[in-house]
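The values are calculated or read from the model by the stated rules, or taken from the named source; none is laboratory data. Since we're looking at a predicted model, the values are computed, not measured. No Cβ is skipped: glycine too gets one built from the backbone with ideal geometry, and neighbour counts run over all protein chains shown. All accessible areas refer to the heavy atoms of the entire protein, side chains included, with ligands and DNA or RNA removed. Shrake-Rupley method; radii C 1.70, N 1.55, O 1.52, S 1.80 Å.
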Amino acid sequence: MDNMPSWMDTKLGGMKRVALWLIQVIGLGNTFTKNQLREAFPEVAQIDRRLRDLRDFDWKIHTNREDVGLGTHEQRLVEVGQPVWVPGKATRRAAVTVTAAQRHEALMRDGHKCRSCGIGPGEAYVGTDVTSQLDVARRDVLLPDGTTKTQLVIECNRCRIGNRELVANLGRLLGRINKLPAIEKKILSAWVAEDRRGFSEIEDIWAGYRTLPAESRVHVRDALA
Ligand SMILES: [Zn+2]
């Protein structure tokens, strides 16, 4: 880290300056508040966002979501990532805008279906004349190591509205899978392999029962008694 510029160098962009400020003023392992950040950069718009941008460059900055010991306004510099102030280092790996190629890849990978409700492109929602539009959504996934990564997922316009605030918690899901009995793990594994949920005999029967008129439902009830 030779020739490190000063964080006060206003010729640098907001993200570079906030990176330098973290190193030169706050220091590794120390905490800071949003107010301190804003007071240091009164002239930089959306400095919080510039701080978050550093995560794309391997900077680890914990909030009380990753570290319950922190207060709601506190953050901690846990790891210094790429030296973004060095020319060429601040080239973003994960582009903010989704490219046509990324969009195409996501559509292929997700089988041209909404991952939340399973609807295909241009299909009508059940009971309506409204048709779906599929698009790429950016989903924040909380990884088991405590970091958050933005991943792409296909969603329809309707699900997208409801899921905008969703953060997927991969660690919690993996934890629940771990606690499943072997037999259920096997069933789940088959659904994952097929990427669709198969129905057991009893569920198939239930679906059939549900569609029966009341008169016939009585027969089923009697048969079970
Ligand atoms: Zn959907």
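So here's what we get for this one:
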| quantity | calculated |
| --- | --- |
| Electrostatic dipole magnitude of the chain [Cβ: Lys, Arg +1; Asp, Glu -1; Cα centre; debye, to 20] | 320 |
| Degrees separating the helix 201-210 axis from the principal Cα axis of the chain, which is the longest one | 70 |
| Rounded to 10°, Cα long-axis angle of helix 100-109 versus longest principal axis of the chain | 40 |
| Greater than 23 Å apart at Cα, pairs in Lys60/Lys89; Lys113/Lys185; Lys60/Lys113; Lys16/Lys149 | Lys113/Lys185; Lys60/Lys113 |
| Region 128-225 - share of DSSP beta bridges that are antiparallel (%, nearest 5) | 75 |
| Between 0 and 90°, nearest 10: helix 182-194 axis offset from the chain longest Cα axis | 80 |
| Relative counts (whole %) of C-alpha pair distances in region 23-125, using bins that are 5 Å wide | 2, 10, 15, 17, 14, 11, 9, 10, 8, 4, 1, 0 |
| Exposure ranking of Arg197, Arg76, Arg17, Arg210 by accessible area [1.4 Å probe, largest first] | Arg210, Arg197, Arg76, Arg17 |
| Region 1-104, accessible surface, carbon-and-sulfur percent (1.4 angstrom probe) | 50 |
| Rounded to the nearest 20 debye, dipole of region 176-225 from Cβ charges on Lys, Arg, Asp, Glu | 320 |
| q = 0.10, 0.11, 0.12 Å⁻¹: log10 I(q)/I(0) that the Debye formula gives for the chain, counting C-alpha atoms only | -0.69, -0.79, -0.88 |
| Accessible heavy-atom area order of Arg139, Arg221, highest first, probe of 1.4 Å | Arg221, Arg139 |
| Per-residue [θ]222 nm for the chain (sum of -39500 (n - 2.57) over DSSP H runs n ≥ 4, rounded to 500) | -10500 deg cm²/dmol |
| Distant-in-sequence amide H partners of Ile154 (H built 1.01 Å from N, under 5 Å) | Arg115, Ala137 |
